[in-house]
1. For the chain, what does the relative contact order come out to in percent, with C-alpha contacts under 8 Å and a separation of six or more?
2. In deg cm²/dmol, rounded to 500, what helix-only [θ] at 222 nm does the chain give when every DSSP H run of at least 4 residues adds -39500 (n - 2.57) and the total is split over its residues?
3. Determine the distance separating the Cα centre of region 11-44 from the Cα centre of region 62-93; give it in Å without decimals.
4. Tell me whether region 21-87 comes out rounded, prolate or oblate; compute the Cα gyration tensor, take square roots of the eigenvalues as a ≥ b ≥ c, and use a/c under 1.5 as the rounded threshold.
5. Calculate, in nm to one decimal, what residue 51 and residue 74 gain on full extension: separation in residues at 0.36 nm each, minus their alpha carbon distance.
6. Leaving out ligands, DNA and RNA, what percent of the accessible area of region 4-93 is carbon and sulfur, probe 1.4 Å?
7. Got a sec? Charge dipole of the chain, +1 on Cβ for Lys and Arg, -1 for Asp and Glu; which of 129, 33, 119 is way out at the positive end?
8. Suppose all protein chains stay in the model; what accessible area per residue would a 1.4 Å probe give for the chain, in Å²?
Amino acid sequence: MEHSAPDLFRQQFNQHYPSVRRKLIALIRDEAAAEDLAQETFLRLYRNPPDQPEAIGGWLHRVLTRLAYDYMDMKARERALTEKQEQSMLSQPQAEQSGEQQLLDKDEQERVQGWLDALPERDKQMLLLRYEGYSYAEIAEQLKVRQPQVGMMLRRAGDRLKRHAQKAEGAFSHE
């Protein structure tokens, strides 16, 4: 008797999930992220299973390894960005800025805040979380959306912010 696809998937999941999770924890050393990546691995298995069911172990290993390396690359980029931002803040102490520069900075912050306030609340939250250094997974968790949607949603929110800024700057230049 043939197993149905959901039963076969459930069987494969129960058999392989502990080892996939264990390998991911060993690779990325973050249990919560390893859980997310293990789920993503099995989601990919469910959506696009290998042609040969007997090769599932190797297929899962390749997928989990690629996901782990992608995750580590993303974390390295985030760390580098954070370090770059910290260095930039350290290289220009606030006390040394002229009064005029402080006023210009405050004016710019107020303009950006106005543009953000014109956005839908979810767009505003998404952009602020990303600016604060949150990962796509963390943004997805905070805003209760699926992680694969975060990139596209951020891009759209950024485009809306840019349109608000261009419209506001266009109105400002015509005064």
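1. On the way: 73 pairs, mean separation 25.9, N = 175.
It rounds to 15 percent for the chain.
2. When only DSSP H runs of four or more count, the value is -28000 deg cm²/dmol.
3. What the calculation gives is 22 Å, centre to centre.
4. Numbers: a/c = 3.14, a/b = 2.57, b/c = 1.22.
The shape class here is prolate.
5. On the way: separation 23, 0.36 × 23 = 8.28 nm, distance 3.01 nm.
Result: 5.3 nm gained on full extension.
6. On the way: 3290 of 6190 Å².
So the carbon and sulfur contribution to the accessible surface is 53 percent.
7. 33
8. Working: 12760 Å² over 175 residues.
Averaged over the residues of the chain, the accessible area is 73 Å².
The values are calculated or read from the model by the stated rules, or taken from the named source; none is laboratory data. Just so it is clear, the structure is predicted and the values come from calculations on it, not from any experiment. Ideal geometry is used to build each Cβ from the backbone, glycine not excepted, and the neighbour counts take in all protein chains shown. For the accessible areas, the whole protein counts, side chains as well, though only heavy atoms, and no ligand, DNA or RNA atoms are used. Shrake-Rupley method; radii C 1.70, N 1.55, O 1.52, S 1.80 Å.
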